[in-house]
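For reference, the structure discussed in these notes is given below.
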Amino acid sequence: MEKLDELGLKGKLVLDAGTGACGMTEFLEKRGADVVSIDLNKEFMEECRNQLEKANFIRGNLSELQFIKPETFDHVMCKATVSALSENITLFVSSVFREFYRVLKDDGQLTIIDYYPFNEETSPCALDEVQVGIWRLEKAVYELLGESHLEEYPPQMIEDELKSIGFAEVEESIRRDELPWSDELLGEHEELIEEKIEEIEENYLREALTKKLRELMELAKEKKVESGAMFELRAQK
Ligand SMILES: C[S@@+](CC[C@H](N)C(=O)[O-])C[C@H]1O[C@@H](n2cnc3c(N)ncnc32)[C@H](O)[C@@H]1O
């Protein structure tokens, strides 16, 4: 994460878009930023409020930030959230980016960090089979429920979208941090996928998916699964 230190976020007002388990919120706070952290997930919000006292955690949808005035933030940080957006039709991604643009100050900056699509041909580094397996399983569960989740966006597609919205400059780089995933993170992830599997009506599907999930998570813990390659886009308003 050292590269993010270049951003000089001390004393800056930062929107952490997609709080998750609040790893990024904590990182930003430690760098002296004032953080507003937004996520749809109620449980995450409650847990994060107990963990970090200073940040302002708000439960909300990133495509509907009307409660925030235009030109509020110096920086918007969006890590591993674009690929996890709850509805992934292009229009939806676009509405999230439009909101980022609106709430950023005139000289504000957006950082998007996310996974390269899990595709051997286009990935800039070797893929971890177990991680890809977990990703595919999670995506399949949502698809069985008729929901869209875990889309794989090539950085070029995001860059084009950002420019079409009005961002002036977009810079791309490859990063590969967060190695390996911690058992705690894997455990939380397993729980979330399991909860989703429970929503599937067919008994045999629930059983087969839970079995596969357990196998993958065992492997992941044994071999210390590594994070896939991530890209970082920095866009200037
Ligand atoms: C992988 S987590 C983010 C991790 C976090 N940014 C970090 O770096 O530690 C993705 C998060 O995006 C949230 N999310 C998905 N769609 C959302 C939306 N439309 N509005 C707000 N949050 C959303 C999910 O609830 C999930 O917590």
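The values are calculated or read from the model by the stated rules, or taken from the named source; none is laboratory data. Since we're looking at a predicted model, the values are computed, not measured. Don't worry about glycine lacking a Cβ; one is built from the backbone with ideal geometry, like all the others, and counts go over all protein chains shown. We work out accessible area using only protein heavy atoms, side chains counted, and drop any ligands, DNA or RNA first. Shrake-Rupley method; radii C 1.70, N 1.55, O 1.52, S 1.80 Å.
Of the beta bridges DSSP finds with both residues in the stretch 2-236, what % are antiparallel, to the nearest 5?
Percentage antiparallel, nearest 5: 45.
Going through the cross-link list LYS54/LYS163; LYS79/LYS221; LYS3/LYS221; LYS196/LYS221; LYS105/LYS196; LYS163/LYS196, which pairs have a Cα-Cα distance over 31 Å in this structure?
Long pairs (Cα-Cα over 31 Å): LYS54/LYS163; LYS105/LYS196; LYS163/LYS196.
Of all the accessible heavy-atom surface of the chain, with the other protein chains kept in place and a 1.4 Å probe, what percent is carbon and sulfur?
About 49 percent, which is the carbon plus sulfur part of the accessible surface.
State in Å² the accessible area per residue of the chain; use a 1.4 Å probe, count heavy atoms of protein chains only, and round to the nearest integer.
Value for the chain: 51 Å² per residue.
Which percent of Cα-Cα pairs in the chain sits in each 5 Å bin, short to long?
Final binned percentages: 1, 6, 13, 17, 20, 18, 13, 7, 3, 1, 0.
Of the residues ASP114, ASP106, ASP39, which exhibits the maximal mean-square fluctuation in a Gaussian network model of the chain defined by a 10 Å Cα contact cut-off?
Residue with maximal mean-square fluctuation among ASP114, ASP106, ASP39: ASP106.
List the trypsin sites (Lys or Arg not before Pro) within the stretch 111-210 that fall in a DSSP loop (any state other than H, G, I, E or B) and whose Cβ has at most 14 other Cβ atoms within 10 Å.
For trypsin sites (Lys or Arg not before Pro) across the stretch 111-210 that sit outside H, G, I, E and B with at most 14 neighbouring Cβ atoms in 10 Å, the list reads ARG176.
Can you pull out the trypsin sites (Lys or Arg not before Pro) in the stretch 2-80 that DSSP calls coil and that have at most 14 other Cβ atoms within 10 Å?
Of the trypsin sites (Lys or Arg not before Pro), the ones in loops of the stretch 2-80 whose Cβ has at most 14 other Cβ atoms within 10 Å are LYS10, LYS54.
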